[in-house]
Amino acid sequence: KLDVVERFARRLGASVDDSVLHAVSGVDLAVAEGEVVGLVGESGCGKSTLGRMVAGLLTPSDGSIQWRGTDLRDLPPAGRHEANLKIQMVFQDPMASLNPRLRVADIIGEAPVVHGLVPRREAAEAVAEMMRTVGLDPGYMRRYPHQFSGGQRQRIGIARALAVKPDFLVCDESVAALDVSIQAQIINLFMRLREELRLTYLFISHDLGVVQHISDRTAIMYLGRIVELAPTPELFAAPNHPYARALLDEAPRVTLEKRRFAPIRGEIPSPLNPPAGCPFHPRCPHAMPRCSQERPDLREVAPARWSACHLNDTL
Ligand code: SF4
Ligand code: MG
């Protein structure tokens, strides 16, 4: 079995207190080195919150994020700084996340110089190399973000993340804002970079087709909890959890690229006031009396397959 190198998100969050919404609860997810884990769910389910916690942009109120076996909070400052560089985030909207007043050379070159990874006099060469790595012409490094197309801007965002030599990328809806044909190019870029740079990904998306294409394992989130986690081919072939089944059954099967969430009967409850027991019980066609009282734990229901549903007790 693989040495688990990145281990994080152990029992994050709690419930709701007076003023704070805890978007994520009871998550326990380990990502192995070189693996791509897809995290899918409807908007508001807490997947971005989880991604930001992993990337160190949010601190869990309870629980821990572990990096190479150590709780981030237990690392000495230098170690935490290193972990912060080794885990980078690629955002959804490059226009919003790239400073419009900076030239691409500065957007990509700033962090490695500031963090002492590249001497300032070698910054231009480092930027050129990063641009080539993501398929951009280094001749354009003096340009500004608005002078590029959406797909090129996302490549700039990826180059910026890669410039500090990360091992782990948290991609939050990183292709969602792009046209389908450009999406495919950026997904192929992520897959090539995975091989070339030996990267590990947490790939957050609301798009089932994207996640099916890129992920080794898929985690499905509902109202702040992971309800199913399994190797991607097995999960898509035979989802265990009723929520996962509903998602996959109702998604149009025309093309994988178009396989997005379809509406499931019933409203999504407010994450501020999640239902007692199983959070899916108000919408679940298989709900039993105990489902509104007892919360099912995520547990291994078959080798490497995890699901949080009481139905598995009766098998
Ligand atoms: Fe449905 Fe009950 Fe399973 Fe929840 S625990 S998904 S309500 S059957
Ligand atoms: Mg989001």
Sort 171-181, 31-41, 68-78 for me by packing, meaning the mean count of neighbouring Cβ atoms within 10 Å per residue, highest on top. 31-41, 171-181, 68-78
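Give, as a single signed number, the net charge of other residues whose beta carbon lies under 11 Å from the beta carbon of ALA111, with Lys and Arg counted +1 and Asp and Glu -1. Intermediate results must be reported in sequence, preceding the final value.
Working: positive: ARG160, LYS165; negative: ASP106, GLU110.
Here the charged neighbours net out to 0.
Residues with beta-carbon under 10 Å from that of GLY135, excluding GLY135: net charge, scoring Lys, Arg +1 and Asp, Glu -1? Before the final figure, lay out the partial values.
Values: positive: ARG132, ARG155, ARG192; negative: ASP137.
Taking every Cβ under 10 Å from that of GLY135, the sum is +2.
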Amide H neighbours of MET89 at under 5 Å, excluding residues fewer than 5 places away on the same chain, with H built from the backbone geometry, are VAL170
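Give the relative contact order (percent, whole number) for region 163-245; include only Cα pairs under 8 Å separated by 6+ residues.
Values: 81 pairs, mean separation 19.5, N = 83.
So the answer I get is 23 percent.
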Looks like region 130-181, by Cα gyration tensor root eigenvalues a ≥ b ≥ c and the a/c under 1.5 rounded cutoff (else prolate when a/b is bigger than b/c, oblate otherwise), is oblate
Residue by residue through region 215-224, which ³J(HN,Hα) values in whole Hz follow from phi under the Karplus form 6.51 cos²θ - 1.76 cosθ + 1.60 (θ = phi - 60°), with glycine and proline marked x? 9, 6, 10, 10, 10, 10, 10, 9, 6, x
List the relative contact order of region 102-145 as a percent without decimals, with contacts defined as Cα pairs under 8 Å and 6+ residues apart. 54 percent
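Please report the net charge: other residues with Cβ closer than 9 Å to the Cβ of PRO279, K and R +1, D and E -1.
Working: positive: ARG225, ARG295; negative: none.
Its environment carries a net charge of +2.
Just so you know, all these numbers are worked out from the coordinates, no wet-lab data involved. Predicted model, so just to flag it, every value in this text is computed and none were measured. Ideal geometry is used to build each Cβ from the backbone, glycine not excepted, and the neighbour counts take in all protein chains shown.
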